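Take a look at the structure below.
The values are calculated or read from the model by the stated rules, or taken from the named source; none is laboratory data. Every value quoted in this text rests on a predicted model; they were computed, and no experiment measured them. Virtual Cβ from ideal backbone geometry, glycine too; neighbours counted across all protein chains shown. These accessible areas exclude ligands, DNA and RNA; they are computed on the full protein's heavy atoms, side chains included. Shrake-Rupley method; radii C 1.70, N 1.55, O 1.52, S 1.80 Å.
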Amino acid sequence: MPALATVKLSGLEALDRQLKTLPGKVQRRAMIAGLRAGAVVYKKEAKRNVPVRRGGVGSSAKFIGDKHGLRQPGFLKRGIISRTISAKKSPRPTIHVGPRRAAFYGQFFEVGRRGPRRMPRRHYLRESFRTQSSRALTAVREGLWKALRKEVAKHGLN
């Protein structure tokens, strides 16, 4: 499985002070809203970079016993999702961006494979992270401020 990337934000002291004044659940909701805004940036870029099968025998044939139906070209591209990890599994708000369970094979494109079933490496997730980090961090910051304003107005805090 590909390694997870962890990002630490710094230089956001005003935002941090505002977050600390809020109750725990409200804080978590605001943080998740901000993280989702950044995840959208990564998800769009990953979908743009993902390898897509072109033609071939398997592109028009339905696989027998395939519970997910027809796997046409672009199945992995449509299967790139972002999902929030529950508080039980992760104490900090966490959002994963990557292939959904039905397109699990997408993780193998990232790391490649040797042997008789060779698969070349195509770093579509790493590339999206590398090229879009500054845009995503800006989106996280703006999403956090927007969510904070909304939560403060909703709960009448400060």
> At Y105 and A14, where each label point lies 7 Å from the Cα along Cα→Cβ, what is the point-to-point distance in nanometres?
Replying inline: 5.0 nm
> Taking a 1.4 Å probe, which of Y42, Y105 shows the most accessible area, and what order do the others take after it?
Replying inline: Y105, Y42
>> As a test of reading the structure, rank L22, L137 by solvent-accessible area (1.4 Å probe, protein chains only), most first.
In response: L137, L22
>> Can you give me the distance in nm between label points at V52 and R28, each placed 7 Å from the Cα along the Cα-to-Cβ direction?
In response: 3.9 nm
>> Filter K43/K146; K20/K47; K44/K146 down to the pairs with a C-alpha to C-alpha distance above 26 Å, please.
In response: K20/K47
> Of the heavy-atom accessible surface of region 112-151 (probe 1.4 angstrom), what whole percent is carbon and sulfur?
Replying inline: 49 percent
> If you average 1/r over every pair of different alpha-carbon atoms in region 111-155 and take one over that average, what Kirkwood value in Å do you get?
Replying inline: 13.6 Å
>> Can you pull out the trypsin sites (Lys or Arg not before Pro) in region 72-158 whose DSSP state is coil and whose Cβ has at most 12 other Cβ atoms within 10 Å?
In response: K88, K89, R114, R117, R118, R121
